[in-house]
Amino acid sequence: MAATFAAIPANAAGPVLPEQARRQWAEGGAVLVSGVFPEELIRKLRGDIRRISGERKTKFGRESALTFPSESAALNEVTVHPRILVISTQLLETKEIRLSQAEGWAKTGVTKEAFAKRDPREAHDQRVHCDYPNHTLAHPSAWESPDAVSFILYLSDYDDCAGGTAVVPRRGASDPAYAPTALTRTPGVLGAWINDREMAEARYAEGEEEVYRFRQQLYAREVYCKFKPGDLLVYRQDTWHRGTRVKAGVTRFVMNLTYRRQWAEWIGHWHPGWARKNYHIGWPHRRGLEATIARLEPFQRSVLGFPAPGHPYWNEYTLAAVAARYKGLGMDMAPYVDGYNKREQPAAAGSSGGAARVLAQQKQKQRQQQQQQQGSSSA
């Protein structure tokens, strides 16, 4: 009988990952966690992905309505949810993190007849692989210094759809499966990319027998995720894993996310960029993306690349300009003004800079807007 992960319950407060879960990820490269997000948020996200996808298989990795930022408020909320950001900072051991991937995905199982006619690029029964080759042009850093943390948020029940992710946990520093050059033994590196397991391994069996034997040992070590809605697989871009077949005619819904260390610039954006969708989210009646940004806390914004308080970007000009851009959306500029003033104090001790005027003007405009709203509601 195949080995399976036992989901570890997340902490309700404080560090989201219990020490057991943190250690399992740090040493083995993957852990299954339950109870990270509120159940109602999981239901909303599943409903949105079902509605937007039309319950049809979506092309994973393609820019779509299921990539962040999305018309799905639930997808946007999960992407910058404080609890998943806490997990990322726990594991990467820094608060300087950046989002690089966030997308919903619907995977529909096919019949035996359709599977026999599959394309080599299909993900029905994947070859074992690591994620890094199409996230970076370099190679993951040493195991003890991870560049990124990745997540699969399951929105379906394994008992209904199957399709559990198979993972090959690392067995210590001397594990040959995770030797420095072992991760290159995969389709898409030093050869053509083939996604299908049977077709990929047939190619190795014909011409690279040593690699073929190595990879067969990986399959023999697989541990499977038998998930419930809301379970979260936390893994790495240098963890061996693969997707398995979903039941014919059934659709499995998940969300994939990746966060990297800020300075790991060799890890690229999986998507074109968050601002690109600014004109489209909520069109034509709402300022959808800007409204989302305005509601976030400064740390959440920084994960998207928005300059943090105290960043050199901020000065009197940019403070006023950004306040004007988000006018009427309730964005609190005080943290950015305070950060600017603290940065400028050594250079101009005791001076009441223009940043204070920016904050005063913003607060005055907010009071005026509140008074106007109160007047209109009482009319």
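Among the residues of region 272-290, the ones that are open to solvent by less than 30 Å² (accessible area, probe 1.4 Å) and over 21 Å from the mean Cα position of the chain (by Cα) come to 1 in all. For the residues GLU290, GLU297, the requirement of being outside the structural domain of PRO38 (by the TED database) and under 30 Å from ARG23 (Cβ atoms) singles out GLU297.
A single entry from HIS124, HIS139 fulfils the requirement of being open to solvent by 30 Å² or more (accessible area, probe 1.4 Å) and in a loop (DSSP other than H, G, I, E, B): HIS139.
Across region 70-84, the number of residues qualifying as under 23 Å from ALA26 (Cα atoms) and either open to solvent by 20 Å² or more (accessible area, probe 1.4 Å) or at pLDDT below 95 (or both) comes to 3.
The number of residues in region 134-165 being touching a helix residue (DSSP H, G or I) at 6+ places or on another chain (Cβ under 8 Å) and under 16 Å from ARG242 (Cα atoms) comes to 3. Of all the residues in region 278-294, those that are over 14 Å from VAL80 (Cα atoms) and touching a helix residue (DSSP H, G or I) at 6+ places or on another chain (Cβ under 9 Å) number 8. Residues being open to solvent by 20 Å² or more (accessible area, probe 1.4 Å), in the same structural domain as ARG46 (by the TED database) and more than 26 Å from the chain's Cα centre (by Cα) are represented in region 249-266 by at least one member. If I filter region 307-322 for residues that are open to solvent by less than 50 Å² (accessible area, probe 1.4 Å) and either on the phi > 0 side of the Ramachandran plot or in the same structural domain as TRP263 (by the TED database) (or both), do I get at least one hit? Yes, some residue in region 307-322 is open to solvent by less than 50 Å² (accessible area, probe 1.4 Å) and either on the phi > 0 side of the Ramachandran plot or in the same structural domain as TRP263 (by the TED database) (or both). Can you confirm whether ALA205 is over 26 Å from the mean Cα position of the chain (by Cα), over 26 Å from PHE5 (Cα atoms) and small (Gly, Ala, Ser)? Yes. Might you check whether a residue that is more than 30 Å from ASP160 (Cβ to Cβ), in contact (Cβ under 8 Å) with a residue 24 or more places away in the chain and either touching a helix residue (DSSP H, G or I) at 6+ places or on another chain (Cβ under 8 Å) or of a type outside the set (Gly, Ala, Ser) (or both) occurs anywhere in region 221-229? Checking region 221-229: not a single residue is more than 30 Å from ASP160 (Cβ to Cβ), in contact (Cβ under 8 Å) with a residue 24 or more places away in the chain and either touching a helix residue (DSSP H, G or I) at 6+ places or on another chain (Cβ under 8 Å) or of a type outside the set (Gly, Ala, Ser) (or both). Going by the structure shown, is ARG325 open to solvent by 20 Å² or more (accessible area, probe 1.4 Å), touching a helix residue (DSSP H, G or I) at 6+ places or on another chain (Cβ under 9 Å) and assigned by the TED database to the domain that holds ARG98? In short, no. If you go through region 85-121 and keep only what is open to solvent by 10 Å² or more (accessible area, probe 1.4 Å) and among the hydroxyl-bearing types (Ser, Thr, Tyr), you end up with THR89, THR94, THR108, THR111. Could you say which residue among SER145, SER150 is part of a loop (DSSP other than H, G, I, E, B) and among the hydroxyl-bearing types (Ser, Thr, Tyr)? On inspection, the qualifying residue turns out to be SER145. Scanning region 175-201 for residues that are under 15 Å from TYR219 (Cα atoms) and either aliphatic (A, V, I, L, M) or assigned to a strand (DSSP E or B) (or both) yields a total of 6. Taking region 32-58 as the range and being among the basic types (Lys, Arg), surrounded by fewer than 18 Cβ atoms within 10 Å (Cβ to Cβ) and modelled with pLDDT under 95 as the test, the residues that pass are ARG50, ARG51, ARG56.
Inside region 149-174, residues that are closer than 16 Å to GLN216 by Cα and either among the aliphatic types (A, V, I, L, M) or surrounded by fewer than 22 Cβ atoms within 10 Å (Cβ to Cβ) (or both) make up a count of 4.
Which residue out of TYR224, TYR259, TYR178, TYR212 is under 22 Å from PRO120 (Cα atoms) and at pLDDT 95 or above? None of the other options fit; the residue is TYR212. Within region 202-229, the set of residues being outside any helix (DSSP H, G or I) and either over 17 Å from SER156 (Cα atoms) or open to solvent by 10 Å² or more (accessible area, probe 1.4 Å) (or both) comprises GLU208, ARG221, GLU222, VAL223, TYR224, LYS226, LYS228, PRO229.
The values are calculated or read from the model by the stated rules, or taken from the named source; none is laboratory data. Note that the structure is predicted; figures quoted are calculated from it, not measured. Using ideal geometry, Cβ is built from the backbone for each residue, glycine included, and neighbour counts are taken over all protein chains shown. With ligands, DNA and RNA removed, areas are computed over all heavy atoms of the protein, side chains included. Shrake-Rupley method; radii C 1.70, N 1.55, O 1.52, S 1.80 Å.
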